[in-house]
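Working notes, structure below.
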């Protein structure tokens, strides 16, 4: 998992930089999750790569590098693959009885148990 986590963190870090460089506040940002082809390609390729990794790796990498604020700001939660993964995680955690305000490590614990 550690090797996948390192790869995922690097992917998320690169995507965050592209998004932050391309989608500046005050631009003609149009509520889509990217302004240009480079952003769209970066989001698509990152989502595709992350979708092949464990849910735990996805959670850890997106929390570390993309962060919730960016996920919302750039509408990554609306991207088909990101949305699919987030919905899976949400269902697992709801089925486990987790509620808003639960610690991140508790979410990780539930996901790890699910992926056994």
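Quick notes on this structure:
- Globularity ratio of the stretch 47-114, using Cα Rg and 2.2 N^0.38 Å: 1.05
- Axis angle, to the nearest 10 degrees, between helix 37-51 and the longest C-alpha principal axis of the chain: 10 degrees.
- Between residue 38 and residue 78, the distance separating the two model label sites (each 7 Å from Cα on the Cα→Cβ line) works out to 2.3 nm.
- Each residue, residue 91 and residue 3, gets one label point 7 Å from its Cα in the Cβ direction; the gap between the two is 3.0 nm.
- Rounded Å value of the spacing that divides the Cα centres of the stretch 58-103 and the stretch 1-21: 16
- The angle between the Cα long axis of helix 2-22 and the main principal axis of the chain comes to about 30°, on a 0 to 90 degree scale.
- Where the Cα pairs of the chain fall when distances are cut into 5 Å bins, in %: 2, 11, 22, 24, 18, 12, 7, 3, 0, 0
- Its relative contact order, with pairs defined as Cα atoms under 8 Å and 6+ residues apart, puts the stretch 2-115 at 30 percent.
Values quoted throughout were computed directly from the atomic coordinates according to the rules given, and no laboratory measurement underlies them. Since the model is a prediction, treat every value here as computed from it, not as a measurement. Because the Cβ atoms are built from the backbone with ideal geometry, glycine has one as well, and the counts that use them run over all protein chains shown.
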